[in-house]
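The values are calculated or read from the model by the stated rules, or taken from the named source; none is laboratory data. Predicted, not measured: the structure shown is a model, and the values here were computed from it. Cβ sites come from the backbone with ideal geometry, for glycine too, and all protein chains shown count toward neighbours.
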């Protein structure tokens, strides 16, 4: 189960969101395509969707095949499957059926402000930044804050993280993306399971629960590093904006869209691997 054990670190957030998205559909009230494209740019959601391509690198690791020729095949296939325009178009297609004009106004009012624009620019840079030294830098920034006794800043960073995932769905997200990808890879003949689907899902749940505290600590460090150039008061203002009911709906929807696209793309690339890589037991 080595590939599974590593999987939770390969993808930190994912969710099978079809049911949620269907429940959030608002026929007759959805915004038009032009407004949605502006929404993606103003909020930085276009870059968030683009950054899904970076998660593709974790595929071979999830399957325990990163040291084989499979990794090269995977890289070639993912360039096509994780095409940025394709993913952004998928996002627009889903949002057309789910987001309202009121939702757009709520997000655009904040992110169109001076503070909002600075935050989006910073978050866009963070989404697409090189990952090599990020964990080390993030840990160092969090240590600095702790050593200087900035407890109020720690509190507001934690508040921000909770506001963007108020339902605490990250564990379910990790499990669902892994389950969908692994079963798609099995169906393509890339791997073979020694356990049934229910046992696989339970194993993933157990691993996600075991990593809960570590993931939260890493998220806090990442936020400390990402928002290092903002004052604590500015971050408090951001947290207050994110906690408003309208913004909560917007983030719930954006998370669901992003997670569903990620899961869909991993399933798609797994389906294209049929006959390419000899099976490996999992």
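Restricting the search to the stretch 106-116, which residues are part of a helix (DSSP H, G or I) and surrounded by fewer than 14 Cβ atoms within 10 Å (Cβ to Cβ)?
Step one: of the stretch 106-116, the residues part of a helix (DSSP H, G or I) are 106-111, 114-116.
Answer for the stretch 106-116, where residues must be part of a helix (DSSP H, G or I) and surrounded by fewer than 14 Cβ atoms within 10 Å (Cβ to Cβ): just 114.
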Report, by residue number, each residue of the stretch 62-86 that is more than 14 Å from residue 181 (Cβ to Cβ), part of a loop (DSSP other than H, G, I, E, B) and under 20 Å from the mean Cα position of the chain (by Cα). 83
Restricting to the stretch 47-60, name every residue that is in contact (Cβ under 8 Å) with a residue 24 or more places away in the chain and either closer than 17 Å to residue 189 by Cα or not in a helix (DSSP H, G or I) (or both). 51, 59
Which condition number does residue 194 fail, the rest of (1) part of a helix (DSSP H, G or I); (2) within 30 Å of residue 81 (Cβ to Cβ) being met? (1)
Selection within the stretch 177-200 - in contact (Cβ under 8 Å) with a residue 24 or more places away in the chain and within 12 Å of residue 268 (Cα to Cα): 180, 181, 182, 184, 185, 187, 188
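Counting just the residues of the stretch 240-252 that are farther than 12 Å from residue 110 by Cβ and in contact (Cβ under 8 Å) with a residue 12 or more places away in the chain, which one comes out surrounded by the fewest Cβ atoms within 10 Å (Cβ to Cβ)?
Start the filter on the stretch 240-252 by keeping residues that are farther than 12 Å from residue 110 by Cβ, which leaves 245, 248-249, 252.
Going one step further and asking which of them are in contact (Cβ under 8 Å) with a residue 12 or more places away in the chain, we end up with 248-249, 252.
Working: 248: 16, 249: 18, 252: 18.
Across the stretch 240-252, the extreme among qualifying residues is 248.
Being free of Cβ contacts under 8 Å to residues at least 60 places away in the same chain and either under 30 Å from residue 155 (Cα atoms) or surrounded by 14 or more Cβ atoms within 10 Å (Cβ to Cβ) (or both) is the filter here, so list the residues in the stretch 201-216 that pass it.
Here is the first cut: in the stretch 201-216, the ones free of Cβ contacts under 8 Å to residues at least 60 places away in the same chain are 201-202, 205-206, 209-210, 212-214, 216.
The answer is 201, 205, 206, 209, 210, 212, 213, 214, 216.
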Checking residue 84 against (1) at pLDDT 85 or above; (2) buried (at least 16 other Cβ atoms within 10 Å of the Cβ); (3) within 14 Å of residue 262 (Cβ to Cβ); (4) in contact with a helix residue (DSSP H, G or I) (Cβ under 7 Å, 6 or more places away or on another chain), the condition it does not meet: (2)
